[in-house]
Amino acid sequence: MKQHLLLTFSISFILFFGIAGAKTAQEWKSRVVYQIITDRFSRTNGDTTPCTDLGKYCGGTFKGIQSNLDYIEELGFNAIWISPVVANTDNGYHGYWAQDIYKINENFGTAEELKELIQACHERDIWVMVDVIANHMGYGDKSQLYPFNDESHYNTFRDCAEVPDWDSQGFENCWLHGLPDLNQNNPFVRETLLSWIKDFIQTYEIDGIRLDALKHVPKDFWQEFSKAAGVFTIGEVFAYDLPYLASYQGPVDSLLNFPFYSTMRYTFQNGGSMSSIEQYYGGASATWKDMSVVGNFVNNHDNARFLCNNNNVPGFKAALAFSIASVGIPTVYYGDEQGYGGCGDPGNREPLWTNMDRNHEFYQFIKTINQFRKQTEFFKHEQIQRYADNNFYAFTRGQHFFAFTNSHDFQKRTITYHNYPEGTRLCNVFHSKDCVEVKNGEFEAVLINGEVKIFSPYAPQSDEPQPEKVWKKIKNSWAESLSIGKLSSFTRIST
Ligand SMILES: [Ca+2]
């Protein structure tokens, strides 16, 4: 009885204080995150006319997102990361130029509409991560910023561009792109930010936060800020030095994985040796405190998109698939599912409303991987490298085998390092008739024109054609596909 009372009390306590909804880093491992710039996703009235100036507001809203949750859910995402929501100074369509941290940016909608969006997401088991800035405020007259309207709230001006690379402390109190830099050692600033984030999370029932400009704020502040937030925190350190990034895991739960991003770009965009992936994991597994929660990505709002001035469609598919399949929490930038190729900021922040085609090959490709991830929960399994050379890389997670190449030529490898029992039949998640059988302790993996394969004993199977016949047909069709310039003719040859 005592235990029963205690349990009842605990549940009441949790419900009353709303802690039950708070999501931890470990819980976030089940998520695949879709990154949205609210201003660029969808307008309230469904207006699809193009935006004439990407440097200003284009009209996207919270209601616009809410009306299109079907699009996100069908694509297989179970979390969204939305751009900062607080009121901004002029032209802050991206949200990174706060004017009043207590007000919601009215260009995107009301506070009530933000709550409604988040509730609508929760009804679909889509978690919401909000981008948050504690480093700086927006441009302009400081007396007009709220509540940090006094010179004493800010560090003395020093341009971050003038800070030498080695001076990590210098980065913490410089002005990034000339934005007024908050002094977190000022008691008012510190306490205000800490109580603000706590209230903000609880008021809107936010499941996680993405922290902007991590290296520009002292770590001890982030430690307190994360604790006050009480939800999953993933930070941005815009740098490629793995030990430097990893030093922030602890103060915050997770980091956006820029070293992974650069490895993916090097390998799949530029055709760099796939041994770099093996090297990345060699260093990463020993350096990250917890690699299973880092945020893997291949595109974001600060970098030219993968397809900028580049038509390497198979390479982009491979990089996307790799980021969703490999250990970590995948983050996919809106527009990837429509094959967007915008270059530098703001060119990489295209409106989505002109292209929301659910039949687009990238939409279908991402959907297939996300569904497979959800159905099999392969993210719960360790990632084990099974093969690596300059042009071929494969790993397993549980019983699922993922194979990638940076080459657009015919690639065939015999896989001997695996733990499948003899006679196991593995089929390709992307093409159900593409199956192989484990014989004499090995099986063959063939990749054509840069394709990705996910072999699984749980993929839909077909009895015909037999694997040997498939290989013969693949070889023939490969030559044919080159002559007609198709990316892959596998669907055709299996008919
Ligand atoms: Ca700073």
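The values are calculated or read from the model by the stated rules, or taken from the named source; none is laboratory data. Fair warning: this is a prediction, and the values are worked out from it, not measured in the lab. We place every Cβ from the backbone using ideal geometry, glycine too, and count neighbours over all the protein chains shown.
For segment 176-233, which positions are within 24 Å of the chain's Cα centre (by Cα) and β-branched (Val, Ile, Thr)?
Matches in segment 176-233: ILE197, ILE201, ILE206, ILE209, VAL217, VAL231, THR233.
Determine which member of the set ILE133, ILE197 is within 12 Å of the ligand (Cβ to nearest atom), among the β-branched types (Val, Ile, Thr), assigned by TED's automatic domain parsing to the domain that holds LYS219 and modelled with pLDDT of 95 or more. Show your work before the answer.
Working: ILE197 fails: within 12 Å of the ligand (Cβ to nearest atom).
It is ILE133.
Do you know which of the residues in segment 85-113 that are of a type in the set (Gly, Ala, Ser) and within 19 Å of LYS63 (Cβ to Cβ) is farthest from the ligand (Cβ to nearest atom)? I'd like the intermediate steps shown before the answer.
Residues of segment 85-113 that are of a type in the set (Gly, Ala, Ser), as a first pass: 87, 92, 95, 98, 109, 111.
With the extra rule that they be within 19 Å of LYS63 (Cβ to Cβ), the set shrinks to 87, 95, 109, 111.
Working: ALA87: 21, GLY95: 18, GLY109: 30, ALA111: 28 Å.
Once the filter is applied, the top-ranked residue is GLY109.
Evaluate segment 236-247: report whether one residue or more is among the polar types (S, T, N, Q), assigned by TED's automatic domain parsing to the domain that holds ALA304, away from the ligand (no atom under 16 Å from the Cβ) and closer than 26 Å to ILE126 by Cα.
Checked against the condition, which is being among the polar types (S, T, N, Q), assigned by TED's automatic domain parsing to the domain that holds ALA304, away from the ligand (no atom under 16 Å from the Cβ) and closer than 26 Å to ILE126 by Cα, segment 236-247 yields no hits at all.
Only one of these is surrounded by fewer than 22 Cβ atoms within 10 Å (Cβ to Cβ) and either touching a residue at least 40 places away in the same chain (Cβ under 8 Å) or assigned to a loop (DSSP other than H, G, I, E, B) (or both): GLN119, GLN184. Name it.
GLN119
Of the residues ASP90, ASP53, ASP70, which is modelled with pLDDT of 95 or more, of a type in the set (D, E, K, R), closer than 23 Å to GLU112 by Cβ and assigned by TED's automatic domain parsing to the domain that holds LEU320?
Of the residues listed, the single one that is modelled with pLDDT of 95 or more, of a type in the set (D, E, K, R), closer than 23 Å to GLU112 by Cβ and assigned by TED's automatic domain parsing to the domain that holds LEU320 is ASP70.
Looking at segment 264-293 only, could you name the residues that are in contact (Cβ under 8 Å) with a residue 60 or more places away in the chain and farther than 20 Å from THR405 by Cβ?
Within segment 264-293, ASP290, SER292, VAL293 meet the criteria.
If I ask for residues that are more than 25 Å from GLY60 (Cα to Cα) and of a type in the set (Ser, Thr, Tyr), which ones from segment 114-167 would you list?
The answer is SER143, SER152, TYR154, THR156.
Restricting attention to segment 178-188, and to residues there that are of a type outside the set (Asp, Glu) and closer than 14 Å to ALA98 by Cα, which single residue is farthest from the ligand (Cβ to nearest atom)?
Filtering segment 178-188 for residues that are of a type outside the set (Asp, Glu) and closer than 14 Å to ALA98 by Cα, the one farthest from the ligand (Cβ to nearest atom) comes out as GLY178.
Could you say whether any residue in segment 158-169 is more than 20 Å from SER247 (Cβ to Cβ) and within 12 Å of the ligand (Cβ to nearest atom)?
From segment 158-169, those more than 20 Å from SER247 (Cβ to Cβ) are 158-159, 161-162; that's our starting set.
Keeping just the survivors that are within 12 Å of the ligand (Cβ to nearest atom) gives 158.
The answer is yes; a qualifying residue exists.
Could you tell me whether any residue of segment 203-213 is in a helix (DSSP H, G or I), more than 16 Å from the ligand (Cβ to nearest atom) and surrounded by fewer than 17 Cβ atoms within 10 Å (Cβ to Cβ)?
yes
Out of ASP125, ASP165, I need the residue that is under 30 Å from GLU27 (Cβ atoms), within 28 Å of the chain's Cα centre (by Cα), of a type in the set (Asp, Glu) and not in a helix (DSSP H, G or I). Which one?
Result of the check over ASP125, ASP165: ASP125.
Which pairs turn up if I take residues in segment 204-231 that are of a type in the set (S, T, N, Q) and look for partners that are part of a loop (DSSP other than H, G, I, E, B) with beta carbon separation below 9 Å, at least 6 apart in sequence or on another chain?
Within 9 Å, the pairs are GLN223/GLY250; GLN223/PRO251; SER226/PRO251; SER226/ASP253.
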